Amino acid sequence: MAEKFYVTTPIYYVNDVPHIGHAYTTLACDVISRYKRSRGFDVYFLTGTDEHGQKVETAANANGETPLELADRVVKRFQSLWEKLNISNDDFIRTTQERHKKTVTEQFLKLQAKGDIYLGEYEDWYCTPCETFWTETQLHDGSCPDCGRETTKLKEESYFFRMSSYGDQLIKHIEENPDFIQPKSRRNEIISFIREGLRDLSISRTSFSWGIPAPGNEKHVIYVWFDALTNYISALGYPDDKDGLFEKFWPVNAHVIGKDILRFHAVYWPTFLMAAGIPLPKKVFAHGWWTVEGQKMSKSLRNVIEPNMLADKYGVDPIRYFLLREVPFGLDGDFSHSSLISRINSDLANDLGNLLSRSTAMLGKYFDGVLPAPGPNDEIDKAFTGRFGPANEKIDKLYDDMAFNKVLQTIWELISAANKYIDETAPWSLAKDPAQQQRLGTVLYNLLEAQRLIALQITPFMPDTGAKILEILGVNPNTTLQNNDSWGELAAGTEIAKAAPLFPRIEAGE
Ligand code: MSP
């Protein structure tokens, strides 16, 4: 039976329109999903929207619509963006769906029956925009330590989750599972947070009504994080599991999130799961944040980068490539139009695009576009063709660490090696000597076969480009890596026409 792979994005708030930060997480999950499918895994890729809470209620009131009307309107913007960016999610969960509400309600009842949810009273400093309570010591000069805005002291009746009971068990889990929190640099931050002592967590509110009611006490709605995090199991049909998805896909292989919501995923969520007796996620990976031309991206600075606009201007595949190539996943990065343009011109148009047009042009010129059978390999050929097996193995390991930029670097090392191989073997000189005809055929075969393997590795990042290269090479564009990643599968006799440029160069200022 195929190995399974379950990966999730955070569910996005519907009080904001999608920007590159959201697209980044979703793209990363898409790339790894496509890679794993290509390797024969049975993949479940989940994304969705987080639709409850005070912010949505307030925004809807201000617009004169109901919260659900607002959610219905904004969710389409996410869904159409994912379609445009070629996102291959298997499911899309909305927290307003019945299937989700049912799971949250049942989770609540289960933990309540166990004594892990109890009714108490809450008093603390609340940041409304962040929907987060802070203790006195966490505040920065009385303001929210996350967003810097004013906080207010709130006291209200609230249900609590007995998070304090699970700190030791969680530390033990983190220590025994070194890959649980990635990147590694973030583990210590979480461990020290837990060591400071976990307080019981307030998980309901009476101050607004847009949410899932607490069962049996409907003046309370369940607080957003208890509601939102549960999406990762409600989408699988937990606990009824009529379709067997939970049984098959849980525990999740990776929750991919931004660094700002790591605590919710690496502390709150695992303790909810422990209380419910559900196995913990295998990995929580927190990526960094994008700034724009050196500045924080924000509506007030009017510098929010909309992926829709970028895709229209530069094309979907170049954007997908750039976002995952530019910055190591896990670190912060800066978006600038000039670095995007220079990557498109140098990596895509020059390195990748020229390689294909040069080699297909030579095949046309010297062999009428019909791929010859290769003769024996010389040392120089062996050095070149021998790179591909180890590169495939290296890439597979890099995916386990979500090191997308290193995967792309490794692919581009192959592309550079191929360009260098042309310069070193100088097919144009071989073509002048009829005695070198077989040697010339070997060189061109090796070049084009290399590009078949390169295209297979590129496809998760740039699905259209990968398919296009395969088609040019006369290979079925749906070919996967599994069983097709060893050297020498391109069939002699295949007709390969001269390829038009894959990526037009972009002049600065365009
Ligand atoms: N609804 C919660 C998540 C609940 S998950 C159970 C939420 N939503 S969000 O829409 O505000 O953010 C979603 C993701 O976008 C987060 O992972 C966040 O890190 C990411 N980003 C928001 N701005 C970003 C950048 N500027 N750069 C990179 N990622 C950013 O939080």
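Read-outs throughout are calculated quantities, based only on the coordinates presented, and are distinct from any laboratory measurement. These figures come from a predicted structure and were not determined experimentally. Counting neighbours? That spans all protein chains shown, and the Cβs are built from the backbone with ideal geometry, glycine included.
Structure above, values below:
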{"quantity": "Hey, Asp30 charged (D, E, K, R), out of contact with any helix residue (DSSP H, G or I) (no Cβ under 6 Å at 6 or more places or on another chain), more than 11 Å from the ligand (Cβ to nearest atom) and within 20 Å of Gln79 (Cα to Cα) or not", "calculated": "yes"}
{"quantity": "Candidate set from region 1-22 (those that are within 15 Å of Val256 (Cα to Cα) and more than 9 Å from the ligand (Cβ to nearest atom)); member that is nearest to the chain's Cα centre (by Cα)", "calculated": "Val7"}
{"quantity": "Residue within region 425-446 that is under 35 Å from the mean Cα position of the chain (by Cα), charged (D, E, K, R) and either over 21 Å from Glu489 (Cα atoms) or assigned to a loop (DSSP other than H, G, I, E, B) (or both) present", "calculated": "no"}
{"quantity": "Flag for Ala62 being part of a loop (DSSP other than H, G, I, E, B), surrounded by fewer than 21 Cβ atoms within 10 Å (Cβ to Cβ) and either out of contact with any Pro (no Cβ under 9 Å at 6 or more places or on another chain) or free of Cβ contacts under 8 Å to residues at least 60 places away in the same chain (or both)", "calculated": "no"}
{"quantity": "Condition check for Leu236: assigned to a loop (DSSP other than H, G, I, E, B), away from the ligand (no atom under 11 Å from the Cβ) and over 27 Å from Leu323 (Cβ atoms)", "calculated": "yes"}
{"quantity": "Candidate set: region 37-53, residues that are without any contact (Cβ under 8 Å) to a residue 60 or more places away in the chain and closer than 23 Å to Asp396 by Cβ; chosen: the one farthest from the ligand (Cβ to nearest atom)", "calculated": "Phe41"}
{"quantity": "So Leu414, is it touching a residue at least 40 places away in the same chain (Cβ under 8 Å) and either assigned to a helix (DSSP H, G or I) or more than 25 Å from Leu323 (Cβ to Cβ) (or both)", "calculated": "yes"}
{"quantity": "Single residue of region 263-292 satisfying the filter (touching an Asp or Glu at 6+ places or on another chain (Cβ under 6 Å) and away from the ligand (no atom under 13 Å from the Cβ)) that is nearest to Phe161 (Cα to Cα)", "calculated": "Ala275"}
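Table: residues versus (1) surrounded by fewer than 23 Cβ atoms within 10 Å (Cβ to Cβ); (2) of a type in the set (A, V, I, L, M, F, W, C); (3) not in a helix (DSSP H, G or I).
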{"site": "Tyr6", "(1), (2), (3)": "no, no, yes"}
{"site": "Pro10", "(1), (2), (3)": "no, no, yes"}
{"site": "Tyr24", "(1), (2), (3)": "no, no, no"}
{"site": "Ala28", "(1), (2), (3)": "yes, yes, no"}
{"site": "Arg34", "(1), (2), (3)": "yes, no, no"}
{"site": "Arg37", "(1), (2), (3)": "yes, no, no"}
{"site": "Leu46", "(1), (2), (3)": "no, yes, yes"}
{"site": "Lys55", "(1), (2), (3)": "yes, no, no"}
{"site": "Glu69", "(1), (2), (3)": "yes, no, no"}
